[in-house]
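Asker: Dumping the structure here so I can ask a few things about it.
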2 protein chains.
Amino acid sequence: MSTVTSPETSAAAQRALETRYGTPWSAPLPAWNETLDSLLAHRSVRNYADTPLPQGTLETLIAAAQSASTSSNLQTWSVVAIEDPQRKARLAALAGNQSQIREAPLFLVWLADLNRLEAAASRAGASAEGLQHMETLFVGVIDAALAAQNAVVAMESLGMSGVYIGAIRNQPEQVAAELGLPPRVLPVFGLCIGYEDASRPAQIKPRLPQQVVLHREQYDAPSQQDGIARYDEVIGEFQTAQGQSAAGWTSRSLARWRSRESLHGRDRLREALNALGFELR
Amino acid sequence: MSTVTSPETSAAAQRALETRYGTPWSAPLPAWNETLDSLLAHRSVRNYADTPLPQGTLETLIAAAQSASTSSNLQTWSVVAIEDPQRKARLAALAGNQSQIREAPLFLVWLADLNRLEAAASRAGASAEGLQHMETLFVGVIDAALAAQNAVVAMESLGMSGVYIGAIRNQPEQVAAELGLPPRVLPVFGLCIGYEDASRPAQIKPRLPQQVVLHREQYDAPSQQDGIARYDEVIGEFQTAQGQSAAGWTSRSLARWRSRESLHGRDRLREALNALGFELR
């Protein structure tokens, strides 16, 4: 993998890092390459052009997804690729009526899939007691997330864009019925994929300063406050530039967790998991 | 992002796809680029050279990680970077005595972090009832996984290698104590990072055929059996080439879930979560 450090790539690195944090980057500039450029330029894109995806796109993204690590090679995930407009519309209705699900040419629902090995155990007459534990669901959720993120990196490297849809967990049983899922398969999140509508572009959203999320040797709670205060200002400016009210990060985020109701139905995820066959021991 | 389709890159794509699946690739070859090459070439590497990481590596990986999507921009993850040999040794002892934790120059523990917003709520005198629900832990785990995978893609693009350590969940309370974690922060997994020891190289592990994990419009259970049977042969050959017994995938995987004991302590993850302050409502 080439790691060029010409003046041009140094400038690209500086620009990418400053845009990602919305603040000047004063630390030494690291080695840089095309992949880092693509990773740093990520934006969640909700508006798509009416352009079909090239043949073979789905297979490429799945090959990238399957190349991600998976706990003990168990491969406890699956994905359903949806292109049928009616099914996309029904899934959109189940996921907070998000129009991007209808608009994207391709909608992927990523699944934590404990059924595949359960069925294999059943065919082999083998016990699969481990399935009943919280841990195996965690393995499935993490496997699905690692795979999906590789697909996102792959599609963005190919010039496509997308957005994750956490609202697929608003009504997991109904989504499972729509997709014909067997027991012990959880829709973890959705992913819209398409080409961005250049007339309605999304911007790179600045993130928390590194000092807030990165800890050295041990967790450092006190030093986070300053960084959060600065970030509230940075994100406030970003919100203003986007024509939103400059609420900042803290108050926006707290509103999401204020009450059971602010979870938009996801307060009953545990019941839904039980209904889908997860014992969660 | 360049997407070259010269004969050379077509050959690279063909080679990458055939190695990833351990079978011939007969579908049309997709567009290809450096990032896809790096993604497809992923290997879990457990043997490291005695080479320090270049200055600025950690900051680059964290910038890549923070560029990943995060649910509603809540950024419910943190990471602890560990370089102290004694601390690495103590963490290795807590995580199944995996020598790669001691050997890697950098060990990252990725955290689902609900404490940051809880502390902000507490400072603001705001309610944070949503915290008590299973859903918010899921958000933290997924956020952490997406971020970590971006860091993996970044470090592999820079010529480094690594391996995830799920065994960090064997004894979560002890890991939390070692890292000084406040309540409602879960160690999700570890990640070893270093330069591979070229004298002990790891191989690309073939994955399940696409037909087994990729479903069109609805979940397809019956067609998975054939693909799994073929994969048992492919992975059997891989195991033989690695000097392991050719147990195949199905029997190896079922052994992991056979009993409560085969989870290596992770059968008590739910109790550990409760002890760490997660109500899981």
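Asker: For the range A:273-281, what does the Karplus curve 6.51 cos²θ - 1.76 cosθ + 1.60, with θ = phi - 60°, yield as ³J(HN,Hα) per residue in whole Hz, taken in order and with x for Gly and Pro?
Answerer: Values, residue by residue: 4, 4, 5, 7, x, 8, 6, 6, 5 Hz.
Asker: Let me ask you something else. Go ahead and run the numbers for FRET between A:N97 and A:S10, Cβ-Cβ distance against an R0 of 51 Å, rounding to 0.05.
Answerer: For A:N97 and A:S10, the calculated efficiency is 0.70.
Asker: If I take every Cα pair under 8 Å that is 6 or more residues apart in the range B:204-246, average their sequence separation and divide by the length, what percent do I get for the relative contact order?
Answerer: RCO, the range B:204-246: 38 percent.
Asker: Sticking with this one: Charges on Cβ only, +1 for Lys and Arg, -1 for Asp and Glu, centred on the Cα centroid of chain A; of A:S253, A:A13, A:V139, which one is farthest towards the dipole's positive end?
Answerer: A:S253
Asker: Under a no-solvent Debye model with one identical scatterer per Cα of the range B:204-246, what's log10 I(q)/I(0) at q = 0.18, 0.21, 0.22, 0.31 Å⁻¹?
Answerer: -0.55, -0.67, -0.71, -1.03
Asker: Here is a further query. Which value results for Rg/Rh of chain B when Rg is the Cα radius of gyration and Rh the Kirkwood radius based on the inverse mean 1/r?
Answerer: Rounded to two decimals, Rg/Rh equals 0.98.
Asker: Could you go through the range B:198-207 in sequence order and give the Karplus-derived ³J(HN,Hα) for each residue, using 6.51 cos²θ - 1.76 cosθ + 1.60 with θ = phi - 60°, rounded to whole Hz, and x for Gly and Pro?
Answerer: Each residue of the range B:198-207 in turn: 5, 7, 9, x, 8, 9, 6, 8, x, 10 Hz.
Asker: Give, rounded to the nearest 20 debye, the magnitude of the charge dipole that the protein assembly as shown has about its Cα centre when Lys and Arg contribute +1 at Cβ and Asp and Glu contribute -1 at Cβ. Spell out each step's value before the answer.
Answerer: Numbers: 50 positive and 58 negative charges, 206 e Å.
In debye, rounded to 20, the protein assembly as shown gives about 1000.
Asker: At a Cα cut-off below 13 Å, give the aspartates and glutamates reachable from B:K88, other chains included and same-chain residues fewer than 8 away excluded.
Answerer: Answer for B:K88, where 13 Å is the Cα cut-off: A:E217, B:E103, B:E178, listed by chain and number.
Asker: Here's another thing I want to ask about it. Give me the accessible area of B:T9, 1.4 Å probe, in Å² rounded to the nearest 10.
Answerer: Surface accessible to solvent at B:T9 totals approximately 40 Å².
Asker: Nearest 500 deg cm²/dmol is fine: what mean residue ellipticity at 222 nm does the protein assembly as shown get from its DSSP H runs of n ≥ 4 alone, each adding -39,500 (n - 2.57), divided by its residue count?
Answerer: Helix-only estimate at 222 nm: -13500 deg cm²/dmol.
Asker: Under 10 Å from the Cβ of B:S38, count the other residues' Cβ atoms, weight Lys and Arg +1, Asp and Glu -1, and hand me the total.
Answerer: Its environment carries a net charge of -4.
Asker: Any idea which of B:V212, B:I228, B:A272 is furthest toward the positive side of the dipole for chain B, if Lys and Arg beta-carbons carry +1 and Asp and Glu beta-carbons -1?
Answerer: Working it through, the farthest residue towards the positive pole turns out to be B:A272.
Asker: Please compute how much accessible surface disappears when A pairs with B, both sides summed, using a 1.4 Å probe, and round it to the nearest 100 Å².
Answerer: Summing both chains' loss of accessible area gives about 11000 Å².
Asker: Taking a spot 7 Å from the Cα of B:E279 along the direction of its beta carbon, which residues of the range A:239-272 have an amide N less than 13 Å from it?
Answerer: Counting only backbone N, you get A:258-261, A:267-268.
Asker: Taking springs between alpha-carbon atoms closer than 10 angstrom, which of B:N47, B:N73, B:N115 fluctuates most in the Gaussian network model of chain B?
Answerer: Answer for the Gaussian network model of chain B: B:N73.
Asker: Indicate the helices, whole DSSP H runs only, in chain A that combine a mean Kyte-Doolittle hydropathy of 1.0 or more with a Cα extent along their long axis of 24 angstrom or more. Before the final figure, lay out each step's value.
Answerer: Details: long enough: A:134-157 (35 Å, 1.12); A:224-241 (25 Å, -0.68).
Sorted by number, the helices that extend far enough and score high enough are A:134-157.
Asker: What's the center-to-center distance, using Cα atoms, between the range A:1-59 and the range B:146-200 in Å?
Answerer: About 24 Å separates the Cα centre of the range A:1-59 from the one of the range B:146-200.
Asker: Counting DSSP beta bridges in the protein assembly as shown, what percent are antiparallel, to the nearest 5?
Answerer: Working: 42 of 50 bridges.
Antiparallel bridges make up about 85 percent of those DSSP assigns within the protein assembly as shown.
Asker: Work through the residues other than B:A112 whose Cβ is under 9 Å from its Cβ and net out their charges, Lys, Arg +1 and Asp, Glu -1.
Answerer: The answer is -1.
Asker: About the Cα centre of chain A, how large is the charge dipole given +1 on each Lys and Arg Cβ and -1 on each Asp and Glu Cβ? Please answer in debye to the nearest 20.
Answerer: Values: 25 positive and 29 negative charges, 123 e Å.
Result for chain A is approximately 600 debye, rounded to the nearest 20.
Asker: Taking the Cα centre of the range B:90-194 as origin and charging only Cβ (+1 Lys, Arg; -1 Asp, Glu), how large is the dipole, in debye to the nearest 20?
Answerer: Dipole of the range B:90-194, to the nearest 20 debye: 200 debye.
Asker: Using amide H atoms built in the peptide plane, which far-off residues or other-chain residues are under 5 Å from A:I165 H to H?
Answerer: A:G190, A:L191, A:C192
Asker: Have a look at the DSSP beta bridges in chain B and tell me what percent are antiparallel, nearest 5. Intermediate results must be reported in sequence, preceding the final value.
Answerer: Working: 21 of 22 bridges.
Beta bridges within chain B, antiparallel portion: roughly 95 percent.
Asker: Would you work out the relative contact order for chain A, in percent, from Cα pairs under 8 angstrom that are 6 or more residues apart? Present the calculation step by step, with values, prior to reporting the outcome.
Answerer: On the way: 416 pairs, mean separation 65.1, N = 281.
Normalised by residue count, the contact order of chain A is 23 percent.
Asker: When chain A is treated as a GNM, springs tying every alpha-carbon pair under 10 Å, which of A:A49, A:A144, A:A120 comes out with the largest mean-square fluctuation?
Answerer: A:A120
Asker: Over the whole of B:74-86, what's the average partner chain Cβ count within 10 Å per residue? Rounded to a whole number, please.
Answerer: 4
Asker: Between the alpha-carbon centers of the range B:234-255 and the range A:248-264, tell me the distance in whole angstrom.
Answerer: If we compute the Cα centre of each part, the gap is 48 Å.
Asker: For peptide B:165-175, how many partner chain Cβ atoms fall within 10 Å of a residue's Cβ, on average? Before the final figure, lay out each step's value.
Answerer: Details: counts 0, 7, 1, 0, 6, 1, 0, 0, 0, 0, 0.
For this peptide, the per-residue mean of nearby foreign Cβ atoms is 1.
Asker: What does the accessible area of B:D226 come to, in Å² to the nearest 10, when a probe of 1.4 Å is used?
Answerer: Solvent-accessible area, nearest 10 Å²: 110 Å².
Asker: With the crude spin-label approximation of a point 7 Å out along Cα→Cβ, what separation in nm comes out for B:D84 versus A:E18?
Answerer: 3.7 nm
Asker: If we restrict to alpha carbons, what Rg and Dmax does the protein assembly as shown come to, in Å?
Answerer: According to the Cα coordinates of the protein assembly as shown, Rg and Dmax are 22.0, 63 Å.
Asker: Evaluate peptide B:109-118: per residue, the Cβ atoms of other protein chains within 10 Å of its Cβ; return the mean as an integer.
Answerer: Partner-chain Cβ atoms within 10 Å, mean over residues of B:109-118: 3.
Asker: Net charge near A:A89: determine it from the other residues with C-beta under 13 Å of the C-beta of A:A89, scoring Lys and Arg +1 and Asp and Glu -1. All intermediate terms of the calculation are to be shown ahead of the outcome.
Answerer: Details: positive: A:R87, A:K88, A:R90, A:R102; negative: A:E83, A:D84, A:E103, A:E178.
Here the charged neighbours net out to 0.
Asker: Label points 7 Å out from Cα along the Cβ direction at B:D220 and B:R258: separation in nm?
Answerer: 3.4 nm
The values are calculated or read from the model by the stated rules, or taken from the named source; none is laboratory data. Note that the coordinates shown come from a computational prediction; the quantities given were computed from them, not determined experimentally. FYI the Cβ positions are ideal-geometry reconstructions off the backbone, even for glycines, and counts take in every protein chain you see. Calculation scope for accessible area: heavy atoms of the full protein, side chains included, ligands and nucleic acids excluded. Shrake-Rupley method; radii C 1.70, N 1.55, O 1.52, S 1.80 Å.
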